[in-house]
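We did not get these values from a lab; they are worked out from the coordinates using the rules stated. Since the structure is predicted, the reported quantities are computational estimates derived from the model, not experimental observations. Backbone-built Cβ (ideal geometry, glycine too); neighbour counts: all protein chains shown.
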């Protein structure tokens, strides 16, 4: 045996700051305890014996003086080094047992081994073996409230031995037990001492203290008696102790993460209703972000699709002065002759005049109301819409006011029996019979559900004279060859029409710039919708922080237990951060599913919706980040707790 003591105190003092001044508890205590001793620290309530035990067990630091363990000055160790000492060298048996209420007996015993980096299967096997040796082999899955006081105390003993327990601190181990259970615990402590464990017993009962080999009496913070002061004995033999915790901590991080995740799930399940309320904020936030962004992207796509139907390399000329609003078909400032004049400008492929209106078509006994578009021969070129069968209107048809018609696919299907060829048939529009000369290729529906094939085309002259009673054009579409020169072409169109009309009684729209402006507007709208939804996520994050602060307050004693069994600052921080991130992640998953479901429901009602992975990943990432950000403050508060203060919490 070494000539130096295992534990040594040199003129140690301890005072507590109560706010009204320092209150001294220990007054210059000097003490040496050798390895393998069975020591009883005896004193009445308030004598300072528990404070002395807390200092000996590195749960507290002295105000002054030196505390040495195996010759190492504890004052020179940081918090994690001291946590390592508690983990690897010490084991605590408390009067109130200090078991984690939500964990089973087996899980309570495992806790020190988690922080020692022992593998799951090995620590579980060792914990089961320890409990079986203490007569609790059939109580492994029982929680503390399902065990008697004596059984809980034996669980605490097994926990103290889990990592070897070179030094066992027993604070009033029989105080909450009946006489029989108390005797069993004292017998157990004696057996542990005989196996080589150093046992330090704290008691106020002289009968309990009599079980020890050495009794140290404390009164008013001073040692007043020591029945057998420690003396070095070079001839004493070392007793073998199973020091499991002195292995290299391989896999410690993985074990700690696994324990943190299990504890997070257990804690959330223990307060299920509160967890659901916390989840609700995250679920609403994430769901709102996804649904709002889907709606915003859908609205953007719908608007851009509507504009893109006209093409981006087009100039749209509408009647009415630039400041005039609500022109519709009532303003008659454009004439069909403007289109041919514009078609000869540089960089112009073609120019088409149009006039549209709703007309009821009849074939046989079938009536069908559709849109009729009076236009000219270059329409298929300008709109990039070829004819599938027959021919389109030509210049001769326009000049001769020919009663001919080209039908969209939907009109054909609605008017004619299946399998009938409409080419050459006559369709009545109003009081005029039109001969069908062609069928357009299929365009399909737009993203907002409008059927582009529900249309019929007639010569502009025929439609204006015989259907609409209108000789003016409602619009002129100009197809531009080089999109890079569209701005110059726009100015040329504007100048030519002013010369023709001698006044600017028209408006020219550059569809490329319209698309760009619409995209910017819709992007702003999407950001606005996303920002509004993100407020819900922020509120949910505040809810997470609030619930975690409550959890820290409720589980302060558990934090103290974990610190006493070797948890480092990072372990406590990791524990509560894991809980915050877990609840946020679960809320994120549920919220993402809910947001997608709402978007699908809106889509079923005809609302334009665009689904993409980006909003989902963004919302879930924000939920995860919410857990990290709003969980950090409560987790840091928990990690900074003093072990002694935490253990003393109610």
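A few notes on this one:
- Three-way shape call for segment 1-115 based on the alpha-carbon gyration tensor, with the a/c threshold at 1.5: oblate
- Point-to-point label distance, residue 142-residue 535, nm (Cα→Cβ direction, 7 Å offset): 5.5 nm
- The calculated FRET efficiency for the pair residue 195 and residue 122, based on their C-beta separation and a Förster distance of 22 Å, comes to about 0.60.
- Here the simple spin-label model places points 7 Å from the Cα toward Cβ, and for residue 385 and residue 81 these points are separated by 8.3 nm.
- Hydrodynamic estimate: the Kirkwood radius of the chain over Cα pairs, inserted into Stokes-Einstein at 37 °C and 0.692 mPa s, corresponds to D of 102 µm²/s.
- DSSP beta bridge pairing in the chain, given as percent antiparallel to the nearest 5: 65 percent
- Averaging Cα coordinates gives a centre for segment 1-53 and one for segment 555-596; these two points are 36 Å apart.
- 19 Å cut-off, amide nitrogen to a point 7 angstrom out along residue 494 Cα→Cβ, residues in segment 454-485: 476-485
- If R0 is 60 Å, the Cβ-Cβ spacing of residue 266 and residue 465 corresponds to a FRET efficiency of close to 0.10.
- Relative contact order (%) - criterion: Cα under 8 Å, at least six apart; region: segment 334-504: 32 percent
- Relative contact order of the chain, defined on C-alpha pairs under 8 angstrom at six or more residues apart (%): 18 percent
- Overall form of segment 334-504 per C-alpha gyration tensor (a/c, 1.5; a/b vs b/c): prolate
- Extension gain for the segment residue 224 to residue 367, taken as residue separation times 0.36 nm less the Cα-Cα distance, is 40.0 nm to one decimal.
- Across segment 1-148, the relative contact order, built from alpha-carbon pairs under 8 Å that are at least six residues apart, equals 20 percent.
- Computed from label points 7 Å out along Cα-Cβ, the spacing between residue 207 and residue 23 is 3.1 nm.
- Cα gyration tensor category, rounded, prolate or oblate, for segment 140-196 with a/c compared to 1.5: oblate
- Cut-off 18 Å (backbone N to label point 7 Å along Cα→Cβ of residue 640), residues of segment 568-605: 568-577
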